[in-house]
Amino acid sequence: MSGALIGLSTTTIGIIGFLIVILGWILYGFANLISGRAEVGSEIELAPNRKECYDDETLEGPRLERVQLIGVLLLALIVIALPLYWIFEPDRQAGAQEGWDNRHASWGSQLFEPTAEGGFNCAGCHGGMAAVGGEAPFTVTNPVTQEVEAVNWKAPALNTVFYRFDEDEVRFILNYGRPFSPMSPWGLVGGGPMNAQQIDNLIAYMKSIQIPREDCGEGEDPLTCDLGHLPGDLQADIEAAALKAVDDGEAESYGEALFNLELGSGAYSCARCHTLGWSYDQPGVAGQGAYGWNLTGGSTNAHFASEADMVSFIKSGSENGKLYGLNGQGSGRMPGFGSLLTDAQIEAVVEYVRSL
């Protein structure tokens, strides 16, 4: 951030310098114009080629010294200015890039706004402009009665979406939506109303509202760094909510509580995808499958030879076409939870899931 600020300040200095030069030329032009008017009618007396010139003593004395001083000053200016330009140029470019990103984020915020504000109403489902999670109206078919029901679907918080997905995965979801959920396609390639630039602007806005991460590497962006984790206060909230669920008898184990966690509209919940009906408060059998595959009946043990393999998979998520576990092939839809949950929490979830 400091580099960007330096870059912006050097740009400002450059603009001021340019304006000073322009103003100097304007003043110089006015001075010549005024002095030129005085010569009208007196060309013989005042013409440059008829004026008395400096004598040799003056030319080779004070005037020569004055010109030499001006040359030395200009040389000193060049010697100082060129290294300074070289030093500050990367920061200037960083400032220009930040300004560019901010403009895209601003355009994306306009798309994210509610319909009444001229946007595409992303905020209407995902909990306002801060995208802390909300609800979306939806209809589902009751698997028993086959009746169509109107429900309120828990739309996930997006202020941590880049903790779970990388940019390409977020772009894919925006373009093609999430089948069997209120998240419809928004990109032209998926049948939606937004072109590629608008999708990029939305992504830029979502990056701008991400909760900054902790434990990032040196020089990494705290909004999107790969190794960062949730800030301590949010991690403490997750821990407290899971322990409370166990104390209240809502869950038999710590891992089960984490699996069904509803904190932040279920942004950290496994049950959102792996338990039918969880997203609209009509949960069926835990882990029996919905958007994600069935985790019961020993299927996870068949897919992963060891708990360590499953922990590693949950931390990183699936990559489209990449093999995982035993004869598993990723679709890219399984998010990674390594930046959301601690290793101990993921191990507790794995222990619970493998017991189903």
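Each value in this text was obtained by applying a stated rule to the coordinates, not by laboratory testing. In this text, all values refer to a predicted model and were calculated from it rather than measured experimentally. Virtual Cβ from ideal backbone geometry, glycine too; neighbours counted across all protein chains shown.
Worth pointing out:
- Summing +1 for each Lys or Arg and -1 for each Asp or Glu among the other residues whose beta-carbon sits under 12 angstrom from that of Leu59 gives -3.
- For P(r) over Cα pairs in 20 Å bins from 0, in percent, calculated from these coordinates, the label among (i) 27, 54, 18, 1; (ii) 27, 49, 23, 1; (iii) 22, 41, 16, 12, 8, 1: (iii)
- Under the convention that each Lys and Arg Cβ holds +1 and each Asp and Glu Cβ holds -1, the size of the dipole of the chain around its Cα centre is about 920 debye.
- Helix-only arithmetic for the chain: the sum of -39500 (n - 2.57) across DSSP H runs with n ≥ 4, divided by the residue total, places the mean residue ellipticity at 222 nm at -16000 deg cm²/dmol.
- Placing unit charges on the Cβ atoms of the charged side chains and taking the dipole of the chain about its Cα centre, the candidate lying farthest along the positive direction among Gly277, Gly317, Tyr163 is Gly277.
- For the range 254-356, trypsin sites (Lys or Arg not before Pro) meeting the loop criterion (DSSP other than H, G, I, E, B) and having at most 12 other Cβ atoms within 10 Å: Lys322.
- Between Leu77, Leu227, Leu261, the residue with the greatest mean-square fluctuation in the GNM of the chain (Cα pairs under 10 Å linked by springs) is Leu77.
- The magnitude of the dipole of the range 232-353, with charges of +1 and -1 set on the Cβ of Lys/Arg and Asp/Glu and taken from the Cα centre, is near 640 debye.
- Taking a ≥ b ≥ c as the square roots of the eigenvalues of the Cα gyration tensor, the range 210-356 is classed as oblate, since a/c reaches at least 1.5 and a/b does not exceed b/c.
- Taking other residues whose beta carbon is less than 14 angstrom from the beta carbon of Gln97, and scoring Lys, Arg as +1 and Asp, Glu as -1, yields -2.
- Relative to the longest principal axis of the Cα atoms of the chain, the long axis of helix 2-39 makes an angle of roughly 30 degrees.
- Built amide H within the under 5 Å cut-off of Gly127, gap 5+: Gly133, Gly134, Glu135
- Packing here is the average count of other Cβ atoms within 10 Å per residue, and on that basis the peptides 194-203, 176-185, 85-94, highest first, run 194-203, 176-185, 85-94.
- Degrees, to the nearest 10: 343-353 long Cα axis against longest axis of the chain: 30
- Once the GluC sites (Glu not before Pro) in DSSP loops with at most 15 neighbouring Cβ atoms within 10 Å are cut out of the chain, the longest remaining piece is 253-356.
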